[in-house]
Each structure stands twice: as C-alpha cells, then as structure tokens.
Amino acid sequence: MFVVTLTAGVVFGLSAGFSPGPLLTFLISQTLRYGTREGIKVAIAPLLTDLPIILLTVFLLTRLAHYQTLLGLLSLIGGLFVLYLAYQTFRTGKLETDVQEIKCGSLSRGVIVNFLNPHPYLFWLSVGAPTMVKAWAEDRSSAIAFVTSFYLCLIGSKVFLAILAGNSRRLVTGKAYTYLMRFLGILLLIFSIFLLRDGLILLGL
C-alpha cells in the first residue's frame with residue numbers, strides 16, 4: 001500500500017506540476033518578465049490554497065465512509081477525471097512563452113489564480129481525498145507519503161520549470177518536454193484504470 005500511494009503521489013504531482021494551465025502560464029509569464037525568483041513565488045501558491053480544500057474533502061469523505069455506493073460513484077468520477085487528465089497530458093505540445101505585461105506581486109496573484117482554478121477542487125474531491133482516506137484506514141504512513149510526495153513533486157516541478165524558463169525559453173519548449181508529458185499521460189491512464197476498477201468493485205459490479 002505504501003509503495004502504491006507513494007507512486008500515485010509522485011505521478012499525480014508531476015503531471016499537475018508540468019501540465020499547462022492557468023497557474024503554469026502565470027508562472028512562465030512572471031519568470032520571463034521579472035526573473036526566476038518571481039516564478040518560484042508562483043510555484044509555491046498551491047501550498048497556501050490547497051490546505052482548506054484537502055481538509056474539507058477529507059472531512060466530508062470520513063463522514064461518508066460507510067456509504068459504499070457513493071464512494072463507488074466518486075471513484076468512478078475520479079477515474080474519469082484522471083482519464084481526462086491523461087488525455088490532456090498526452091496531447092500537450094510546447095509551452096507558450098509569448099506573454100503579456102503583468103504587474104509583479106507573484107505570490108498573491110498566484111494564490112488567486114490557483115484558488116479560482118477548478119482542477120484542485122475536482123482532484124481532491126474525486127481522487128486525492130478518497131486515496132488519502134483509504135490509505136489512512138490501512139496505513140497512516142501511506143496517507144502521509146501520498147500527500148508529501150504529491151506536493152514535493154508538484155512544487156518541485158514548477159520550481160524546476162521556473163528555473164528553466166529563467167535561463168532559456170528553448171529548454172521549456174523543446175521535444176523533451178513533449179516526451180515527458182506523453183510518458184506522464186500513460187502513467188495517468190494506468191491509474192485511471194485502477195480507480196475505475198475500484199469504483200466498479202464498490203458498486204458491486
């Protein structure tokens with residue numbers, strides 16, 4: 001269980017960190033305009049915005065732990081959501097580095113961008129929180145490993161991209177980035193299959 005949840009945290013964290021989206025677009029723009037330091041400030045925004053989401057979704061799911069049908073439906077929704085992420089990740093091309101003038105204030109603006117992004121809410125409700133609750137019931141260290149590896153990889157990958165963007169645009173728009181996203185897309189596809197399977201089992205199908 002420990003290895004599975006640790007691996008899941010790494011895969012989900014890396015895919016979320018490297019995938020294009022509002023926060024990554026803002027990170028690249030701030031880095032190119034104001035330097036690597038401002039990009040890193042944007043990268044740590046999820047640490048400030050996600051905690052309330054995690055606490056709320058985990059609290060709700062612990063109160064619904066005996067409702068197998070509902071948990072099965074959530075697992076199916078999570079599987080479909082991860083399948084969608086796999087599709088989007090696999091189709092990812094180069095990152096856009098043509099940016100508009102944006103005022104500095106990277107951390108506060110990054111918090112707002114991430115707070116208004118629906119993906120963290122969908123992820124923690126349908127995938128993250130159910131994984132944590134299940135892992136906590138079997139082995140608490142597994143739940144801790146999932147959250148820790150997820151955020152280390154999420155923040156680490158965004159910091160890595162900020163450093164690359166701060167030194168060379170070419171490094172974040174080359175073929176290596178495309179190949180990485182396709183590899184992560186395949187891993188996400190595998191995890192979506194596991195989630196869909198768990199959902200069907202919980203529903204007795």
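Some observations on this one:
- Shown for region 2-202: lysine pairs separated by 8 or more places, or found on different chains, whose C-alpha atoms are under 29 Å apart, numbering 10.
- Estimated FRET transfer efficiency when R0 is 22 angstrom, pair residue 201-residue 4 (beta carbons, to 0.05): 0.90
- Gyration tensor (alpha-carbon) shape descriptor, region 129-205, a/c threshold 1.5: oblate
- Axis of helix 175-202 versus longest Cα principal axis of the chain: the two differ by about 20°, to the nearest ten degrees.
- Extension gain, residue 190 to residue 54, is 46.6 nm, computed as 0.36 nm per intervening residue step minus the present C-alpha separation.
- When the Gaussian network model of the chain links Cα atoms closer than 10 Å, the mean-square fluctuations of 91, 63, 37 top out at 63.
- Residue 68/residue 180 FRET efficiency (R0 45 Å; Cβ-Cβ; nearest 0.05): 0.75
- Solution diffusion estimate, µm²/s, Stokes-Einstein, the chain, Kirkwood Rh from C-alpha pairs, 4 °C, viscosity 1.567 mPa s: 74
Coordinate-derived values only; no laboratory data. Computed from a prediction, not measured in an experiment: that's the story for all the values here. Because the Cβ atoms are built from the backbone with ideal geometry, glycine has one as well, and the counts that use them run over all protein chains shown.
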